[in-house]
Amino acid sequence: MIRQLGTVANQLTLLRLVFVPFIIINVVDGNYQWALALFVAAGISDGLDGLLARTLKQQTLLGEYLDPIADKLLLSSLFLVLSFMHRIPWRFTVLVFTRDIGILIVSALLYATTGLRNFRPSIFGKLNTAAQIGAVFFVMLFEINSIPELFFAKRSFLWLTFLFTVLSGIHYIFLVGQRLREHAQSRAAQ
């Protein structure tokens, strides 16, 4: 475990976790330029950690769990804080949290009761993450420069987040059902 933590890719992921409180502090203080700069830096570190893990052949089990945790912590925290700051309507944040908490609870239950794990993100989950990143980016950018084009981009990404949150949640339910059927068939064949 310690060796896995020492990989360059996992160090970058840990660095992304360190960015989270500083981004939040800057949002709360109304320093959107700094918050956005740190958010972009966190995004660059996210791209780099995956690239380095593959290039340096440092893909680890820890990294498989740590990377999405860092992404979720960053995005969920920003959705929550930006809703408290009245920059993102609560309906989007409630939907994002409901889906994520639902997936977490179902995954924990499936692991505890059947041993099923390793639910890789689907294309809808990846699109949902991209929409959330775009929404947070444009919400903060709109706070820096309130031009109509940025307002339109902000609203578009918030509604894309809504759409892909719903689609990815439905797709996750479908995948869980499929995995449970496969698990039951393999147990029956034994």
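The values are calculated or read from the model by the stated rules, or taken from the named source; none is laboratory data. Computed from a predicted structure; not experimentally measured. Neighbour counts are summed over all protein chains in view; Cβ atoms, including those assigned to glycine, are modelled from backbone coordinates with ideal geometry.
Kindly state which helices (runs of 4 or more DSSP H) lie completely within region 1-120 and contain at least 3 residues that are hydrophobic (A, V, I, L, M, F, W, C) and under 17 Å from the mean Cα position of the chain (by Cα).
Helices (runs of 4 or more DSSP H) meeting the threshold: 8-28, 32-55, 61-84, 90-114.
If you go through region 45-68 one residue at a time, how many are β-branched (Val, Ile, Thr) and surrounded by 12 or more Cβ atoms within 10 Å (Cβ to Cβ)?
Qualifying residue count, region 45-68: 1.
Give me the residue from region 70-90 that is surrounded by fewer than 16 Cβ atoms within 10 Å (Cβ to Cβ) and free of Cβ contacts under 8 Å to residues at least 24 places away in the same chain and, out of that set, nearest to Leu160 (Cα to Cα).
The extreme case among them is Trp90.
Cβ-Cβ below 9 Å, separation at least six or inter-chain, first residue in region 39-59 and within 24 Å of Ile23 (Cα to Cα) and outside the structural domain of Leu141 (by TED's automatic domain parsing), second at pLDDT 80 or above and of a type in the set (Lys, Arg): which pairs?
Ala41/Arg16; Ala42/Arg16; Gly43/Arg16; Ser45/Arg16; Asp46/Arg16; Asp49/Arg16
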